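Worksheet: one structure, shown below.
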Amino acid sequence: MQGKASPAAKIFLMTIIFILYAPIFYLVFYSFNSGGSMSGFEGFTLDWYRELLGDTRLLIIVLNTLVIALLSALFATMIGTFGAIGIHALKRSKNSILGLNSVLIVSPDVIIGASFLILFTIAGIRLGFYSVLLSHIAFSIPIVVLMVLPKLAEMNPSLIDAAKDLGASRWHVFTKVIFPYITPGIFAGFFMALTYSLDDFAVTFFVTGNGFSTLSVEIYSMARQGISLHINALSTILFLFTILLVGIYYVISQRSGLKLGGFRR
Amino acid sequence: MGNKFMRNVYMVPYMVWVLLFVIAPILLVLYYSFFDIHGNFSFINYERFFTPVYLKLTLSSFWYAFLITFISLLVAYPTAYLLTKTKHKRLWLLLIIVPSWVNLLLKAYAFIGIFGAYGAANNFLEWIGIGSRQLLFTDFSFVFVTVYIFIPFMILPIFNALNSLNPALLDAANDLGASKSTTFRRVIFPLTLDGVKTGCQVVFIPALSLFMITRLIAGNRVITLGTAIEQHFLVTQDWGMGSTIAVFLILIMFLIIWLTGFRKRGA
């Protein structure tokens, strides 16, 4: 579908892109407003950023969010990668396992959140850090599996046969043949898990107790109280961080040759 | 035997995950739906679900989700189509996708400012002479913000479908004398239907269930199935009723996936 874009087409595309970015830049713009509201720009100030960076409670929440994201992505990647290798070797029950695998991907967040809340309550796990961590691991596993499976599928099975014929042990087949081959898929999975975790609000909102909070939950409770330019300042920082992540993501997807959707919940 | 055992050993954590976090939660939701607010076994929740209050809620939730999906499709299809015509389509696509990476709550929050009494939208309305309106906490703002948030998710699968279309088919249609609109109706659209279906699936299900946008943007003007579940679980503590609505939402989800054909997200 290569062709030429007419001027009208370009204007249409520019309009869509303008609409998509306008709210984000609106937030960024007013984060420098000394007036304290998102209407009527009174004067330039960096006060909101200063107050934000001086807020220790918020810094702890940011730290919590990062720790949860890194740990959950790490565990999800390990479990998911071995799961994918297992699924790949399956013959008869492959499709039903894949069906189960995708349940958490298509399920609405409210359902995941509510059902995990019941699960943790019944299991007697106190709501807080561990319940949030477990939930994030749980909803990140299927995406890791989906990222690793295609890499396994495109691997030539004779590679493994060759390794075995040449006397490699099962362990060596795994570490020297399979693992290097699927590494791009594993990295892509890890990265997806990381972004899923950083972005999640609804599931965390259900399973977080009183004492523990992540950034999304904090933004929600701040936003429910109305406009506060601290949120604007925060969104500028997060937007810059997102751009950075997109850059990394882009490089990874270019390198691994995986077609990645920019899909978030 | 040894080999089989080894194969199963490293799959153990994954299978435990399937049991604990996929199968058990669904069964637990189903189990809880049979208990009333005092913890007694009953079918009261199902009886309540079929009263006008909940049926109306379900219908209006469906209506909003349908509206949101339809408008997203109307905007996304031409956008995706034009994207495939651009020179650096991957770059353009990336530009469209980046906003979907920004936290959804921040985008919803931006609209509290934009649609506010003295916000940009009202300034614009004043300027073109319509005069300021109450925009926040209306169904309009809810639909607008939700469409805004979901558009990239609708564009991506349609773009992928259009992009993998064989150009020879278009040449063939052209050579055989088909007009542009006929080519679109009989060739392009049918061949990209799968992308459209995937897009509708990834928009419709969240549109039924997102509760934070309704809470932030629509006040209590719009109650979706998701809002109702959140309300029952976290506010009124009536887990039984919440689970019952969740059971129906799960059924609807399977129905939609069955209708649109299962495809992994982003495929």
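The values are calculated or read from the model by the stated rules, or taken from the named source; none is laboratory data. Since this is a predicted model, take the numbers as computed values, not measurements. No Cβ is skipped: glycine too gets one built from the backbone with ideal geometry, and neighbour counts run over all protein chains shown.
Numbers at a glance
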{"read-out": "Some residue of the range B:114-135 being at pLDDT 90 or above, buried (at least 21 other Cβ atoms within 10 Å of the Cβ) and small (G, A, S)", "value": "no"}
{"read-out": "Any hit, the range B:24-34, residues being farther than 22 Å from B:S164 by Cβ and more than 12 Å from every other protein chain (Cβ to nearest Cβ)", "value": "yes"}
{"read-out": "Residue in the range A:33-47 that is in contact with a Gly (Cβ under 7 Å, 6 or more places away or on another chain), surrounded by 15 or more Cβ atoms within 10 Å (Cβ to Cβ), under 30 Å from B:A110 (Cα atoms) and modelled with pLDDT under 95 present", "value": "yes"}
{"read-out": "Within the range A:16-33, considering residues that are in contact with a Ser or Thr (Cβ under 7 Å, 6 or more places away or on another chain) and facing chain B (nearest Cβ under 7 Å), the one farthest from B:Y77 (Cα to Cα)", "value": "A:L27"}
{"read-out": "B:D36, sole failed condition from (1) over 20 Å from the mean Cα position of the chain (by Cα); (2) surrounded by 15 or more Cβ atoms within 10 Å (Cβ to Cβ); (3) under 23 Å from A:A202 (Cβ atoms)", "value": "(3)"}
{"read-out": "Output for the range B:108-135, where each listed residue is within 11 Å of chain A (Cβ to nearest Cβ) and either assigned to a helix (DSSP H, G or I) or under 20 Å from the mean Cα position of the chain (by Cα) (or both)", "value": "B:A108, B:Y109, B:A110, B:F111, B:I112, B:G113, B:I114, B:A120, B:A121, B:N122, B:N123"}
{"read-out": "A:L74 vs. criteria more than 10 Å from chain B (Cβ to nearest Cβ), surrounded by 13 or more Cβ atoms within 10 Å (Cβ to Cβ), at pLDDT 90 or above and outside any loop (DSSP other than H, G, I, E, B)", "value": "yes"}
{"read-out": "Answer from B:L74, B:L82, B:L105, B:L67 - the residue that is assigned to a helix (DSSP H, G or I), over 30 Å from A:S37 (Cβ atoms), within 10 Å of another protein chain (Cβ to nearest Cβ) and not polar (S, T, N, Q)", "value": "B:L82"}
{"read-out": "Residue in the range B:245-266 that is facing chain A (nearest Cβ under 10 Å) and farther than 30 Å from A:F120 by Cβ present", "value": "yes"}
{"read-out": "Filter result (outside any helix (DSSP H, G or I) and surrounded by 15 or more Cβ atoms within 10 Å (Cβ to Cβ)) within the range A:104-124", "value": "A:S107, A:P108"}
{"read-out": "Selected residue (only one of B:A207, B:A173 is more than 16 Å from B:T79 (Cα to Cα), touching a helix residue (DSSP H, G or I) at 6+ places or on another chain (Cβ under 9 Å) and either more than 11 Å from chain A (Cβ to nearest Cβ) or not in a helix (DSSP H, G or I) (or both))", "value": "B:A173"}
{"read-out": "Subset of the range B:40-87 that is within 14 Å of the chain's Cα centre (by Cα) and among the polar types (S, T, N, Q) - its residue that is surrounded by the most Cβ atoms within 10 Å (Cβ to Cβ)", "value": "B:S72"}
{"read-out": "Filter result (crowded, with 23+ Cβ neighbours inside 10 Å and within 12 Å of another protein chain (Cβ to nearest Cβ)) within the range A:154-193", "value": "A:A188, A:M192"}
{"read-out": "Test set (1) charged (D, E, K, R); (2) in a helix (DSSP H, G or I); (3) within 14 Å of chain A (Cβ to nearest Cβ) - B:K87 fails condition number", "value": "(2)"}
{"read-out": "Hits in the range A:204-213 (condition: over 16 Å from A:A73 (Cα atoms) and either in a helix (DSSP H, G or I) or within 14 Å of chain B (Cβ to nearest Cβ) (or both))", "value": "A:F205, A:F206, A:V207, A:T208, A:G209, A:N210, A:S213"}
{"read-out": "Filter result for the condition that a residue is without any contact (Cβ under 8 Å) to a residue 12 or more places away in the chain and of a type outside the set (D, E), over A:G86, A:G36", "value": "A:G86"}
{"read-out": "Enumeration of residues in the range A:216-233 that are among the aliphatic types (A, V, I, L, M), closer than 26 Å to A:S131 by Cα and facing another protein chain (nearest Cβ under 8 Å)", "value": "A:I219, A:A223"}
{"read-out": "Members of the range A:82-103 that are at the interface with chain B (Cβ under 9 Å from one of its Cβ atoms) and either among the charged types (D, E, K, R) or buried (at least 24 other Cβ atoms within 10 Å of the Cβ) (or both)", "value": "A:G83, A:A84, A:N101"}
